[in-house]
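The values are calculated or read from the model by the stated rules, or taken from the named source; none is laboratory data. Predicted, not measured: the structure shown is a model, and the values here were computed from it. Here the Cβ is made from the backbone with ideal geometry for all residues, glycine too, and neighbour counts use every protein chain on show. Heads up: the accessible areas ignore ligands, DNA and RNA and are worked out on the full protein's heavy atoms, side chains in. Shrake-Rupley method; radii C 1.70, N 1.55, O 1.52, S 1.80 Å.
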Amino acid sequence: MTEVSKVIATDAALELIETVKAKHGPVMFHQSGGCCDGSSPMCYAQGEFLIGDSDVWLGDIGGAPFYMSKPQYDYWKNTMLIIDVVPGRGGMFSLEGPEGRRFLTRSRMFTEEERRVLGL
């Protein structure tokens, strides 16, 4: 095993990313840590959400960078995030809201081999 992704996207999520990008241009994601949208990654036009020193880049999905706050990452670092889509409205500020579908974060624990590759 040579490479392990910390975040991946289902085909449905990749399709919705392309729909959102067609309407809004390049996008980025930040995993919500709020009480109401804790499992919802928020999708923003690139540059509309400021990334700071306390944010961790997990990788790209559908050509869009994906970030999470460092304290939340420390809690989730042993899991792979799997970005999926379900019916419904997204978070208040997330760009997919009008599409009638929303992004949802699922997860699974990394295997021992994946943890070794990631240096965890």
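At a glance:
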item	result
Output for the range 70-112, where each listed residue is assigned to a strand (DSSP E or B) and of a type in the set (Gly, Ala, Ser)	SER107
Tally of residues being open to solvent by less than 30 Å² (accessible area, probe 1.4 Å) and modelled with pLDDT of 90 or more across the range 32-54	4
Among (1) crowded, with 18+ Cβ neighbours inside 10 Å; (2) free of Cβ contacts under 8 Å to residues at least 24 places away in the same chain - the single one MET68 does not satisfy	(2)
Cβ pairs under 8 Å, 6+ apart, first in the range 5-28 and closer than 19 Å to GLU48 by Cβ, second assigned to a helix (DSSP H, G or I) and of a type in the set (Asp, Glu)	LEU16/GLU99; THR19/GLU99; VAL20/GLU99
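Residue by residue, here is whether (1) modelled with pLDDT under 95; (2) open to solvent by 60 Å² or more (accessible area, probe 1.4 Å) holds:
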| site | (1), (2) |
| --- | --- |
| ALA9 | no, no |
| GLU15 | no, yes |
| VAL27 | no, no |
| ILE61 | no, no |
| PRO87 | yes, yes |
